1. Can you tell me how many residues within the stretch B:16-30 are polar (S, T, N, Q) and either open to solvent by less than 60 Å² (accessible area, probe 1.4 Å) or part of a strand (DSSP E or B) (or both)?
2. Considering the stretch B:2-43 alone, what residues qualify as being at pLDDT below 90 and out of contact with any Asp or Glu (no Cβ under 7 Å at 6 or more places or on another chain)?
3. Which residue, of B:PHE39, B:PHE34, is in contact (Cβ under 8 Å) with a residue 40 or more places away in the chain, surrounded by fewer than 16 Cβ atoms within 10 Å (Cβ to Cβ) and closer than 21 Å to A:LEU87 by Cβ?
4. Spot the failing condition for B:SER50; the list is (1) at pLDDT 95 or above; (2) open to solvent by less than 50 Å² (accessible area, probe 1.4 Å); (3) not aliphatic (A, V, I, L, M); (4) not in a loop (DSSP other than H, G, I, E, B), and only one is missed.
5. Within the stretch B:65-116, count every residue that is within 14 Å of chain A (Cβ to nearest Cβ), part of a strand (DSSP E or B) and open to solvent by less than 40 Å² (accessible area, probe 1.4 Å).
6. For the stretch B:2-15, name all the residues that are surrounded by 15 or more Cβ atoms within 10 Å (Cβ to Cβ) and under 12 Å from B:SER89 (Cα atoms).
7. Do any strands (runs of 3 or more DSSP E) entirely within the stretch A:2-64 hold 2 or more residues that are free of Cβ contacts under 8 Å to residues at least 12 places away in the same chain and either within 14 Å of chain B (Cβ to nearest Cβ) or under 15 Å from the mean Cα position of the chain (by Cα) (or both), and if so, which?
8. Could you list all residues from the stretch A:65-111 that are part of a loop (DSSP other than H, G, I, E, B), buried (at least 17 other Cβ atoms within 10 Å of the Cβ), touching a residue at least 60 places away in the same chain (Cβ under 8 Å) and within 12 Å of another protein chain (Cβ to nearest Cβ)?
Amino acid sequence: RKEVEQDPGPFNVPEGATVAFNCTYSNSASQSFFWYRQDCRKEPKLLMSVYSSGNEDGRFTAQLNRASQYISLLIRDSKLSDSATYLCVVNVAGNNRKLIWGLGTSLAVNP
Amino acid sequence: GAVVSQHPSWVICKSGTSVKIECRSLDFQATTMFWYRQFPKQSLMLMATSNEGSKATYEQGVEKDKFLINHASLTLSTLTVTSAHPEDSSFYICSASTSGGRETQYFGPGTRLLVL
């Protein structure tokens, strides 16, 4: 089983749609969780951290379910500029902290 | 905000050539720098973690003698791909952190390496 699993998509949605991405992680010792966005042929950029209580940043809402080892990202009123790959990232606890990256979910927002 | 640069952004070289990639933190001191590799349609894979003034820690399966990492200062780390071969063609990305990776990592723009 992969350490971080995501549905690769692609998700094709019209402008204004609401779209949700899911991610599961296998290591119960994971401590920090993030959603990154990566545009084609570019480096990943931090979209938002994910907190246990859930958090919102404008049109983006992230939620974490530690019991189910599940993370979600909801995008409301999607824009053309939201088209990108969304990467679920987990930071595992321990002396050798490192980020574990999901394969990413591809989103295409169409006019 | 924290800015990380990488140089060069593109490299095309012949098989057998060694290629050096620089990663610089421009406006902060990076205690730790990370080197990643990303193949097409794959996720980022951590290659090594580099702490200033000490030897890099390589991930399993990454040859330390092939991918030489030097982190001589708090603002510069270099990755040298020695005797590059076509299978080394990839997108190499560095990131920098002020706290050993516990907090946000700031990513460089990446370097595309094509080995002919």
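1. 2
2. B:ASP27, B:PHE28, B:GLN29, B:ALA30, B:THR32, B:PRO40, B:LYS41, B:GLN42, B:SER43
3. None of the others qualify; the one that does is B:PHE39.
4. (1)
5. 11
6. If the condition is that a residue be surrounded by 15 or more Cβ atoms within 10 Å (Cβ to Cβ) and under 12 Å from B:SER89 (Cα atoms), then B:VAL11, B:CYS13 are the ones that fit.
7. A:55-57
8. The answer is A:GLY102, A:LEU103, A:GLY104.
The values are calculated or read from the model by the stated rules, or taken from the named source; none is laboratory data. Note that this is a predicted model, so its numbers are computed, not measured. Ideal geometry is used to build each Cβ from the backbone, glycine not excepted, and the neighbour counts take in all protein chains shown. What goes into the accessible areas is simple: the full protein's heavy atoms, side chains included, and nothing from ligands, DNA or RNA. Shrake-Rupley method; radii C 1.70, N 1.55, O 1.52, S 1.80 Å.
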